[in-house]
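These notes concern the structure reproduced below.
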Amino acid sequence: MDFELSAAQLRFRDEVRQFLAGLPPQTSAAVHDTGTLHSWDVHRAMAERGWLKAAWPVEQGGQGRDPFEMATLNEEFARAGIPIEGWLIAELVAKTLQIVGTQQQRHEVIPAILGGEILLCLGYSEPDSGSDVAAARTRATRDGDGWVIDGQKMFTTMAHEASYVFLLARTNPDVPKHRGLTMFLVPLDADGVQVRPVHTLGGERTNATFYDRVRVPDSARVGEVDGGWDVMMVALAFERQPAAAGHLLHLLGRALDWARTAGPDGPAPIERPEVRACLARAYTDLEVSRLMGYRMTWLTSRDVLPHTEGSLAKLFSSEALMRASASLVDVVGADALLTGHGTGAPADGWIEHEFRHSVVTTIYAGTSEIQRGIIAERHLGLPRATARRAGS
Amino acid sequence: MDFELSAAQLRFRDEVRQFLAGLPPQTSAAVHDTGTLHSWDVHRAMAERGWLKAAWPVEQGGQGRDPFEMATLNEEFARAGIPIEGWLIAELVAKTLQIVGTQQQRHEVIPAILGGEILLCLGYSEPDSGSDVAAARTRATRDGDGWVIDGQKMFTTMAHEASYVFLLARTNPDVPKHRGLTMFLVPLDADGVQVRPVHTLGGERTNATFYDRVRVPDSARVGEVDGGWDVMMVALAFERQPAAAGHLLHLLGRALDWARTAGPDGPAPIERPEVRACLARAYTDLEVSRLMGYRMTWLTSRDVLPHTEGSLAKLFSSEALMRASASLVDVVGADALLTGHGTGAPADGWIEHEFRHSVVTTIYAGTSEIQRGIIAERHLGLPRATARRAGS
Amino acid sequence: MMDFALSSEQLDLRAGLTALFADHSTPARVRAAEPLGFDPALWAVLGGFGFPHLAGSRDGAPARLADLAVAAQDAGACLASAPLVETLVATRLLDRLGAAAGDDLVTFSPRPAVAGVARTVPWAAVADRVIACDGDRILIAGPGHDVERPKQTLAGLAIGHADLTGATVLAEGPAAVSAFAEARADWQVLTAAALAGVAAAGLHLGVEYAKTRHQFGQPIGAFQALAHQLADAAALVDGAQLLVQEAAWAGDTGSPRRHGLAAMAAAFAGRAARQATDRGLHAHGGYGYTLEYDIQLYFRRAKALSLLSGGESAAVDAVVALALADTDSDSDHDTGRR
Amino acid sequence: MMDFALSSEQLDLRAGLTALFADHSTPARVRAAEPLGFDPALWAVLGGFGFPHLAGSRDGAPARLADLAVAAQDAGACLASAPLVETLVATRLLDRLGAAAGDDLVTFSPRPAVAGVARTVPWAAVADRVIACDGDRILIAGPGHDVERPKQTLAGLAIGHADLTGATVLAEGPAAVSAFAEARADWQVLTAAALAGVAAAGLHLGVEYAKTRHQFGQPIGAFQALAHQLADAAALVDGAQLLVQEAAWAGDTGSPRRHGLAAMAAAFAGRAARQATDRGLHAHGGYGYTLEYDIQLYFRRAKALSLLSGGESAAVDAVVALALADTDSDSDHDTGRR
């Protein structure tokens, strides 16, 4: 049993911290204020340091960083409040293409991703299929050597900055829903693609994307025809650790700064018992969230596929984030009504910001209900329901 | 809108309070310590005052008390911690017999109940049917002019003090489960009846009762053959208000007494912020529970059948009782490990006692899950499920 | 004798306001009034309806808080972008102090001033005058008073910090302290009513969405886990409505329990509104997080009003005092506990 | 390098104890030991296994807290009616103070004495000696010390109040304060381990019951509402186990985070155990409330150990101190937040 990073891992963490310390002041606020949780400046600076391919083997031009180093990199960016959504999504697709992509896809797309030239977005969710993602209705129809895509995707975050959408489409409506799906890599500048902004409670911009007779060659297909579900499972296994733990880390940092700073009209908030109780509860939940995350990293480092550890981590950390941010707003009190960064709001607006953001963390990447269902069935071995009867 | 009892109602409340004040000290502890939440002394004293038939019309020998007076009587006994389970169960059956019983049953059984001579118990639950009470398997088989009863009932509280069990039995196994049940009034001294004590976490004694070829005449039948479910619905409508609100009232009284008494080693607990916060939360929940209860009384007083008001009251007050008693035990601290009445335990052991008792209030008379189901479907109009699928 | 029914006057008031808000406080209008959160056209219509003057006494009899609570609840349910609660409270306070209420927009600071500034006062950014308590004095500032307007707030409400330098003294000494306590209790009851309205409407949005949204072959509201979360919220919403009614009645009858009940109602209605809108939003899945759906408006308003009222911690002292007073009054009859 | 795996020694220890408890700490034995909660025969068997001496140092190297935590967790899972945690803590403390541990049953008071009395000390009712802290002194009382034994307790644990009059001073001054702080942290970690064991076993009982109990034509564990309550509890149980491991490791490595983590682990494991046993009991329906089912034993033990540890409020100061120290240490690298 060991709960410490190795000396090499700590060295890399310090390198990341130095990078973050060298960013212009207000980078975090500026990136958030654009609504797009991606900064090309930061992205290119990361590319310069080779970090976009840090996890890639040295023989493939990467840095051969181990899973703990990668987790640390994520965590330090989260702590500093610098969003790297764009990179995380693109890297996830790159890793998936490395396994299931064609040689052409691997050679054309992966270097552009890892070099920091392009971003990608995920086209899974649709207006009528969120939790039930396999119910996707966007169609891909054979057209000679290629395909024609028609439909709509929802929550295609980064689509307005991305070059491709990694798109789940129905190619066979006559088989069980999981078995009639195929994955495509669709260029967002193709004719017939439209991107409409969707703004959110947390201030982030996401998008609805529309596909009207969009033609792609068969080389845009990723994986087998009707094998899209399997491709998506590969991609899901690469999903980063739950983002909620990173948000909790960021929130607690901001909250602790706020709590130990004396205000003009009195002692530091941390002197108040309800502030201390709230911080203690939240900090404990943060520790547990981080341990759950590091355990997933540890499994990855041993090439063990997580079983239900991911669901436990996702459920716990996102619910903890909601609880913590809501209570912290409460202990800030009426002044928490004041919001925004650089406006004189308490904790420069970050406590209130994380509160508004937190609600989505129990929704995306599998709602808390989905996670509880997985834990109930696969972790606890509870039976599946056959039917629900009256009043029960 | 009015939230005050009338002068007559207040006079009756004072009468009840004077009665309770005149009981020997430690009556509450003594009754609880027997495990049987019934005192024949108290019961007979109530009978002397005519309170056992207080709700009965004057022309039938009762006192014609209105629903608010009856609610007040219940509440004052609850506040004083004097259990009247025995009377409440017996009265419920008396009211049911008054509507659906035969003339013989009304003349023989009701006066004995209202005179304080006999108690009854309810034989609904079985080892394999708790929430799903209509799944009862205890059989009643025709035998000449009478019936033979075989089976087992669970949670037949008061059976060891009662003269009859109001028993739900299956008379027809070949129809949908709700339609093959019949209700009987079975004498507990009949041959073949056995009563086995079952002790509980809260200290109360309940019973398992066994029925081995128990013969009863057809005159023991209550309501139509295969009409038992309808009879039970009549009885359910007479179920008193949720007992949890009364327990919360009792708990808060004890807790406030404890909180404002200075200990040997320091100031009164009520000076501690966490004690105050806990009391304020619990007292607020008590006020809401009482309002929900009084609203049901008000509906009764206007001869309106409650719709989902009972479920809202039951769910809220029992969950509030669990929360309140668990938190109060926590603020009492390590000394809450000391238990029992008259042993020097904090609050004479009552906070810890209500904590142990509270867990059953979210289970009996319809679990919280049953109540939430009723509220979801009938109060909110949410649809019933047809099936539950993977992970959701 | 207890009676939970609304009076026919209250039912008429509700019907009138429901119609008014359906025309003049649509979600589109609520959005258009953001970020400040004030809709002058709606305010003018409410003025035509008689607000806030109908909070004053007529023929010597003060307006009933229970009626005003009906109005506040309706306004909350439609997220009315108008200073209804605070102007009603200010009108009642001026009435109580024997001061004439003009046609100015007068708002009320529910929290006492600190260092001569009333901070985070709802509607101060658009009010002509601000009433606040500073020590044992009740002050009224403006017009032309110095108000700092924050750039952004969680949910409109035209928040401002009002500098009370040079403000007129309306009352001082024990009479002022006591009048402020009454006004604060009025504010708590009416804010609780608004929160109960937000809670009920937010829950309703979640329930209606859950009835129509299908996943895994059935409406999501048929999934027990989601349905039960909404049922728990429904119990809180129901409790909040009852508590608001009782607290308003206590204010109208001068019950000694009125201050405790007002604090209780504000805290509980805040809890109900936060949970109902939170679960209502969650029921919407990813759509609940988008600005295109209305539930986020309710979610933000619930938290904002709850923060203004100080939440549960602000109610502790008043509720504990009520609990102790009730206990003493119940044991006047020398029941004791056996 | 992080490693979450138990060592082979720990796995062996667990296997040995699992077999031992399966024979000597059955539910029947746990019931038979009530109300006092002490099973002398089990204690003798544990003595044969090497408890509590194996908490002492061997060849100059102190026993590992991580190993003792494995034992405490197994004991918790079987509700062992024996003073395992407290005697291990006492042995480590005596070892640290250079005092010889005899064959006496020596228990440890996790809370300091008040007015010369160590109140509510686990196992004081059956111990030969009691170690307690009074001001800046560590005292050891007995044999023949004056112990008041409460008649009834929530869950056995042979609670007693020990009068420390005339007790022997083991240490005093700053060294004593610091030694007590270490011992208290040890106690928190091992109690957290016991609570994690209670939590996991209580949850397991609830889950197994829910798999077999049928209502409305299906196992009740297939109803989403119940299944999801158990899933939430499972996440807490999992978190408690991780936190116990980390806190034990921090104690063994002398990490400056050890006191904060020990307090955190005790508070969190208490939360997990309370919720897991509460939901486990609820899953049993009416049967959970009867003394015939084992879940109530777990429910009571979870609350009792949690009360002994002081729950979450007792952990606040240590956790806040940890949070501040972590923040300062992280910003030594001058990252700042952007």
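Rounded to the nearest 20, the Cβ-based charge dipole of the range B:240-386 about its Cα centre (Lys and Arg +1, Asp and Glu -1) stands at 560 debye. Taking D:ALA82, D:ALA141, D:ALA227 in turn, the Gaussian network model of chain D (Cα-Cα springs below 10 Å) assigns the largest fluctuation to D:ALA227.
Label point of A:GLU108 set 7 angstrom out along Cα-Cβ; within the range A:207-228, amide nitrogens under 16 Å from it belong to A:215-223.
Projected label points at A:THR34 and B:ASP191, each 7 Å from Cα along the beta carbon direction, are separated by 9.2 nanometres. When you restrict to C-alpha pairs under 8 Å that are six or more residues apart and normalise by the size of the range A:46-90, the relative contact order lands at 22 percent.
Inter-copy label distances at B:HIS178, shortest first and taken from points set 7 Å along Cα to Cβ: 3.6 nm.
In this structure, C:GLN152 and C:ASP104 have a Cβ-Cβ separation that, at R0 = 25 Å, corresponds to a calculated FRET efficiency of about 0.40. Counting only protein heavy atoms and using a 1.4 Å probe, the accessible area of A:ARG142 comes to about 140 Å². Helix A:350-361 and the long axis of chain A differ in direction by around 30°, with both axes built from C-alpha atoms. The relative contact order of the range B:121-228 comes to 30 percent, based on Cα pairs under 8 Å that sit 6 or more residues apart. Among B:ALA245, B:ALA324, B:ALA220, determine the one that fluctuates most according to a GNM of chain B built with springs between C-alpha atoms less than 10 Å apart. Ranking B:ALA245, B:ALA324, B:ALA220 by mean-square fluctuation puts B:ALA220 first. Peptide D:116-124 shows a mean partner chain C-beta count of 2 within 10 Å per residue C-beta. Under the convention that each Lys and Arg Cβ holds +1 and each Asp and Glu Cβ holds -1, the size of the dipole of the range D:177-330 around its Cα centre is about 560 debye. In a DSSP loop and with at most 16 other Cβ atoms within 10 Å, the GluC sites (Glu not before Pro) in the range B:3-52 are B:GLU4. A helix-only calculation puts chain D at -19000 deg cm²/dmol for mean residue ellipticity at 222 nm, using -39500 (n - 2.57) for each DSSP H run of at least four residues, averaged over all residues. Residue by residue along C:299-305, Cβ atoms of other protein chains within 10 Å of the local Cβ number 3 on average. Rolling a 1.4 Å probe over the protein chains gives A:GLU75 an accessible area of about 30 Å². Summary value for the range C:1-123: 26 percent relative contact order, contacts being C-alpha pairs under 8 angstrom separated by 6+ residues. Ranked by solvent-accessible area (1.4 Å probe, protein heavy atoms only, all chains present), the residues B:VAL360, C:VAL169 order from largest to smallest as C:VAL169, B:VAL360. The residue among A:GLY253, A:LEU312, A:ALA277 whose Cα reaches farthest toward the positive pole of the charge dipole of the range A:240-386, with charges on the beta-carbon of Lys, Arg, Asp and Glu, is A:LEU312. Shown here for the range B:12-102: trypsin sites (Lys or Arg not before Pro) in loop regions (DSSP other than H, G, I, E, B) with at most 15 other Cβ atoms within 10 Å, namely B:ARG49.
Of the residues B:HIS307, A:HIS341, A:HIS250, the one with the largest accessible area comes first in the ranking B:HIS307, A:HIS341, A:HIS250, computed with a 1.4 Å probe on protein heavy atoms.
Protein-only accessible surface at a 1.4 angstrom probe places the residues B:ASP303, C:ASP12, C:ASP278 in the order B:ASP303, C:ASP12, C:ASP278, largest first. Build a GNM of chain B with springs between Cα atoms under 10 Å apart, and of B:GLY310, B:GLY344, B:GLY266 the one that fluctuates most is B:GLY266. Ordering C:VAL130, C:VAL89, C:PRO110 by the projection of their Cα atoms onto the charge dipole of the range C:72-137, which places +1 on the Cβ of Lys and Arg and -1 on the Cβ of Asp and Glu, puts C:PRO110 at the extreme positive end.
For the range D:129-188, trypsin sites (Lys or Arg not before Pro) meeting the loop criterion (DSSP other than H, G, I, E, B) and having at most 12 other Cβ atoms within 10 Å: D:LYS151.
Take the Cα of D:THR253, go 7 Å toward its beta carbon, and the backbone nitrogen atoms of the range D:1-44 under 15 Å from that spot belong to D:1-7.
At R0 = 51 Å, how high is the FRET efficiency between D:ASP136 and C:VAL169 if r is their beta carbon distance? Nearest 0.05 is fine. Rounded to the nearest 0.05, the efficiency is 0.35. Across the accessible surface of the protein assembly as shown, with the other protein chains kept in place and a 1.4 Å probe, carbon and sulfur atoms take up 52 percent.
With R₀ set to 25 Å, the beta-carbon distance separating B:ASP218 from B:ILE99 gives a calculated FRET efficiency near 0.80. Cross-link pairs exceeding 28 Å between alpha carbons, from the set B:LYS153/D:LYS211; A:LYS95/D:LYS211; B:LYS153/D:LYS303; B:LYS153/B:LYS177; B:LYS153/D:LYS151; C:LYS211/D:LYS211: A:LYS95/D:LYS211; B:LYS153/D:LYS303; B:LYS153/D:LYS151; C:LYS211/D:LYS211. For chain B, adding -39500 (n - 2.57) for each run of n ≥ 4 DSSP H residues and dividing by the number of residues yields -14500 deg cm²/dmol at 222 nm.
The values are calculated or read from the model by the stated rules, or taken from the named source; none is laboratory data. Nothing here was measured: the structure is a model prediction, and the numbers come from that model. Positions of Cβ are backbone-derived with ideal geometry, glycine not excepted, and every protein chain shown enters the neighbour counts. Accessible surface areas use protein heavy atoms only, side chains included; no ligands, DNA or RNA. Shrake-Rupley method; radii C 1.70, N 1.55, O 1.52, S 1.80 Å.
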